[in-house]
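One structure below.
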Amino acid sequence: MNENGKTQRISETDVQRQLAICQEIKKRWEGRPGGPSLACVQTFGCQQNVADSQRIMGMLQEMGCGFTQDPYQADIILINTCAIRENAEKKVFGVVGQLVHVKEKNPDAVICLCGCMAQQEVVAERIRRSYRHVDLVFGPQALWKFPELLYGVLTGGGRAFSIASERGAIAEGLPVIRESGVKAWVSIMYGCNNFCSYCIVPYVRGRERSRKPADILSEVRGLVEEGFREITLLGQNVNSYGKDLEEPVDFAGLLREIDKIPGSYLIRFMTSHPKDAGEELFRAMTECPHVAKQLHLPVQSGSSRVLKAMNRGYTREQYLEKVRLARAAMPDLILTSDIIIGFPGETEEEAMETVSLIEEVRYDALFTFIYSPRPGTPAAKLPDPASRGEKQVWFDKLLDAQNRISAELHRAYVGQTVRVLIDGESGDAAWPLSSRTQGGRLVHLKGDTTLTGQYANVKITDSNTWALFGEIE
Ligand code: 5AD
Ligand code: SF4
């Protein structure tokens, strides 16, 4: 941010310089014995990380790299990390620890750690001291200058750590590799200003910064022209999109502009913060034919006392009123949510208020988590008297209730015909194709993978808690 609170941009010259460094690296690597360099990129965490990895892979491709899943084959290994819960961090430390064997076999391999864990001082320090085989550590705020950082390592600069906060930075024009020709992620903003008391994200991803509407529109237009069918707009809180921009535009306005792009495609978006989602958004969703009638509206807790302690900015009743308004505008709305069980000081009664809320709302699906203390967040300092065992019991009750609700809602589809987009393989031999309804429900189908990218009308013949099963009509 600059002094008047507006987001600053990385200049085009600075971005061009990074692309020029990619060419320098390409020259260094060209003509090496053993063919082109190979990169192994492993991604943990949310869709934002997936989108970030696609940018990193775009830059690696500019450097002339091919890709491999096998770190032992790779000349450069990049682990894009997640810090949202302790388990995610443990997994990453396990993977990074194993890479010491890769370095023993191939001392020239460059090992990089990036993403949300990398932005934390304590993690960087641990890597510096105890994981000496890691060459480069950089946080999400320094992603755009990955070529420069890598060049430093390759030209003998030694290990590099770039974890300073670059508040306000947004870079346009970085290359990208998308994994499929059907679905694409488009970040519309970065960072978060909400400081929910349990959450590490604002500390590692910095303050909210919005991309300019013109940049987003041209990216989406390009994707539609390339034939992408499903475009998901990403931000930690898409409903505060535009607040930091000079030009007056909000998220509903952005959706309306995107919707004008002609073509056969669907727009999804995540995540909506309930305190900022409202009738203007619901109206735009209703009126824009390209926008999926699907809302991910994390409630986190059904207890107003816990919501206050979480610093969420709404009560149970206010949340339920938002759901009522959204459903009044879109009777077929597919609604999903995130829940945290076992926030410090939560009682059994309060956890059961969350169960009663999900019974009342009847979400199509839920992402459920047991609270994990994140050092540096306010909640991590609160007394937390409930045991892990007690929290597990509450958590299981929540899961049982949601599994029953999901199964009931799915069963109601049996016998209906729904329109789906076929998006790839399901991994299930009996129902090999995977597809999604407009609202994002997973449908497994019979048929061959050449149908990927096509729309189909499907008769639903069976269902379970997690998916629908059907036959193309
Ligand atoms: N412990 C457990 N779950 C968390 N989430 C965020 N921080 C924590 C934490 N410390 C969950 C929230 C959020 C989702 C992405 O992860 O439910 O919406
Ligand atoms: Fe974390 Fe809250 Fe921001 Fe979501 S809105 S990223 S939960 S601080």
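Before moving on, here are some points about what is shown:
- Ellipticity estimate at 222 nm from DSSP helix runs (n ≥ 4, -39,500 (n - 2.57)) divided over the chain, nearest 500: -11000 deg cm²/dmol
- Lys/Arg +1, Asp/Glu -1 at C-beta; the stretch 1-134 dipole; positive extreme among ALA83, VAL102, GLY31: VAL102
- Extension gain, GLU86 back to THR450 (0.36 nm per residue minus Cα-Cα distance, nm): 127.0 nm
- Label-zone membership for the stretch 204-246, site ASN193, 7 angstrom Cα→C-beta point, backbone N under 19 Å: 204-213, 234-246
- With Cα atoms defining each centre, the stretch 83-139 and the stretch 164-204 are spaced 21 Å apart in the structure.
- Annotation: HIS444 carries an accessible surface of approximately 30 Å², with a 1.4 Å probe and no ligand, DNA or RNA atoms counted.
- Of all DSSP-defined beta bridges confined to the chain, some 35% are antiparallel rather than parallel.
- Degrees, to the nearest 10: 121-130 long Cα axis against longest axis of the chain: 50
- Of the solvent-accessible surface of the stretch 111-265, computed with a 1.4 Å probe over protein heavy atoms with every protein chain present, carbon and sulfur atoms account for 50 percent.
- Remark: the stretch 241-282 carries 41 Å² of accessible area per residue (probe radius 1.4 Å; ligands, DNA and RNA excluded).
- Relative contact order of the chain, defined on C-alpha pairs under 8 angstrom at six or more residues apart (%): 10
- Förster radius 30 Å - calculated FRET efficiency between PHE93 and THR347, Cβ distance, rounded to 0.05: 0.35
- Residue list for the stretch 229-244, given a label point 7 angstrom along the Cα-to-Cβ vector of ASP338 and an amide N cut-off under 17 Å: 233-241
- Whether the stretch 33-107 is rounded, prolate or oblate, judged on the alpha carbon gyration tensor where a/c under 1.5 counts as rounded: oblate
- With 0.36 nm allotted per residue and the present C-alpha distance subtracted, the GLU121-ARG362 stretch has 82.7 nm of extension available.
- If a spin label sat at a point 7 angstrom from the Cα of ARG411 along the line to its beta carbon, the backbone N atoms of the stretch 428-462 nearer than 14 Å would be those of 462.
- Accessible area per residue for the stretch 43-111 is 43 Å², calculated with a 1.4 Å probe on protein heavy atoms, without ligands, DNA or RNA.
- Net lengthening on full extension, GLN73/ALA20 (0.36 nm per residue, minus Cα-Cα): 16.4 nm
- DSSP-assigned coil residues among chymotrypsin sites (Phe, Trp or Tyr not before Pro) in the stretch 169-227, each with at most 14 further Cβ atoms within 10 Å: PHE195
- Cross-link table LYS212/LYS293; LYS90/LYS397; LYS293/LYS322, entries beyond 22 Å C-alpha to C-alpha: LYS212/LYS293; LYS90/LYS397
- Mean separation of Cα contacts under 8 Å (6+ apart) over length of the stretch 207-291, as relative contact order %: 35
- Rolled with a 1.4 Å probe across the full set of protein chains, the surface gives ASP244 an accessible area near 10 Å².
- In this simple spin-label model, placing a label point 7 Å from the Cα along the Cα-to-Cβ direction at both VAL50 and THR315 gives a separation of 3.8 nm.
- GLU257 paired with ASN464, simple spin-label distance in nm, labels 7 Å along Cα-to-beta-carbon: 4.5
- Cross-link reach is defined here as a Cα-Cα straight distance under 15 Å, omitting same-chain residues fewer than 8 places apart; for LYS308 the aspartates and glutamates meeting it are GLU317, GLU346, GLU350, GLU353.
- Apportionment of accessible area to carbon and sulfur, the stretch 342-420, percent (1.4 Å): 56
- Cα gyration tensor category, rounded, prolate or oblate, for the stretch 37-77 with a/c compared to 1.5: oblate
The values are calculated or read from the model by the stated rules, or taken from the named source; none is laboratory data. Keep in mind that this is a model prediction, so the values were computed, not measured. Neighbour counts run over all protein chains shown; Cβ positions are idealised from the backbone, glycine included. Remember, those area values only see protein heavy atoms, side chains included, never the ligands or the DNA or RNA. Shrake-Rupley method; radii C 1.70, N 1.55, O 1.52, S 1.80 Å.
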